[in-house]
Amino acid sequence: MEMAKLAALLQSGVNLKTSLRELGILTIPEKLKLAISLGSPLIPLLKSMNQLEQNQLRASGELEQALAVPRATRRLLIWLPLITLFLSSAAGLVSLQALLSPISLTCSAFGLVLLLIGSRATKRMLQSVNREFLLQELQDFSIAISSGLSLSAIEKQFPHLLKNSEVNRLKILSQKTGARLTDLVSSEIEISLSAQLSEKISELRRLSVRILIPLGLTTLPAFMLFIIPPIVVGFTK
């Protein structure tokens, strides 16, 4: 949103330094620094950055929604044994005396250890989800060509960009078809963002299934350790 406001101020004739100060932008984004250093037109770039930022925010929101399913599953299954134990005690199926017996306390301790193992294992699985979208080299290449640099000049200043397979493919496509390279890069950024989002959501759906394995191996034994020993002890007494 700040990029859109900055573009509006520049378009109205306010200089860059004043615009940044008025918007309270203390740190200039790297993409904007690159554009300034190359002499690229700032207003179209800022509008493009704003559009990309909005798309990335929407993509991140969709990822959070997809991630909510395995998170909720993890939370529910980890707390289920403890909730069941509490409800069993409230219903009178398990007495306090049976819960405090040495056998029940020992089994409950083992159950808590299992729940802790399951919690840590699934937490690592959730934290391993990559939420970053790899668009930096395409964006840098887009800024470089919009500044008027030739491909040979880009190769000299930014040799890593033309080594990127996507950038190289777009360059060849532009040379074969005569299509504007800037348009091809812009469309490729949008396509790449959508493709990466789709791939990440598919991975999260698979994670929703995989996460059940450590949860099942820990919460089910913990459930039995919490419930069965106190009931057995209560019946024997």
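The values are calculated or read from the model by the stated rules, or taken from the named source; none is laboratory data. Worth saying up front: this structure is predicted, and the values here are computed from it rather than measured. Using ideal geometry, Cβ is built from the backbone for each residue, glycine included, and neighbour counts are taken over all protein chains shown. Just the protein is used for accessible areas: all its heavy atoms, side chains included, with ligands, DNA and RNA removed. Shrake-Rupley method; radii C 1.70, N 1.55, O 1.52, S 1.80 Å.
Summary of computed values
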read-out: Heavy atoms of Met49: accessible area, 1.4 Å probe, square angstrom to 10; value: 30 Å²
read-out: Relative contact order computed over the chain (Cα-Cα under 8 Å; 6+ residues apart), in percent; value: 33 percent
read-out: Residue (of Ala68, Asn15, Ile36) at the positive-pole extreme of the stretch 1-77, dipole from beta-carbon charges; value: Ala68
read-out: Among Gly39, Gly118, Gly92: highest mean-square fluctuation, GNM of the chain, C-alpha pairs under 10 Å; value: Gly92
read-out: Candidate values (i) 70, 40, 33; (ii) 73, 46, 34; (iii) 88, 44, 24, label of the one derived for Cα extents along the principal axes in Å; value: (iii)
read-out: Accessible area in the full protein assembly, largest first, 1.4 Å probe, for Lys31, Lys156, Lys5; value: Lys156, Lys5, Lys31
read-out: Rg to Rh, two decimals, where the stretch 1-112 supplies the alpha carbon set and Rh follows Kirkwood; value: 1.48
read-out: Options Met125, Leu114, Leu135, ranked by Cα towards positive dipole end of the stretch 95-233, top entry (Cβ charges); value: Leu114
read-out: Ranking by accessible area, most exposed first, for Thr106, Thr73, Thr27, Thr122 with a 1.4 Å probe; value: Thr27, Thr106, Thr73, Thr122
read-out: Cα-centre dipole for the stretch 40-194 with unit charges at Cβ (Lys and Arg positive, Asp and Glu negative), debye to 20; value: 360 debye
read-out: Relative pair counts by distance (%), Cα atoms of the stretch 110-220, 5 Å bins; value: 2, 10, 16, 15, 10, 8, 8, 7, 7, 6, 5, 3, 2, 0
read-out: For Ser12, solvent-accessible area (1.4 Å; no DNA, RNA or ligand), Å²; value: 90 Å²
read-out: Segments 180-190, 213-223 sorted - mean Cβ within 10 Å per residue, highest first; value: 213-223, 180-190
read-out: At least 24 Å along the helix axis (C-alpha) and Kyte average at least 0.0, DSSP helices within the chain; value: 42-90, 102-127, 181-210, 212-236
read-out: Nonlocal Lys pairs with alpha-carbon distance under 23 Å, the chain (8 or more apart, or different chains); value: 19
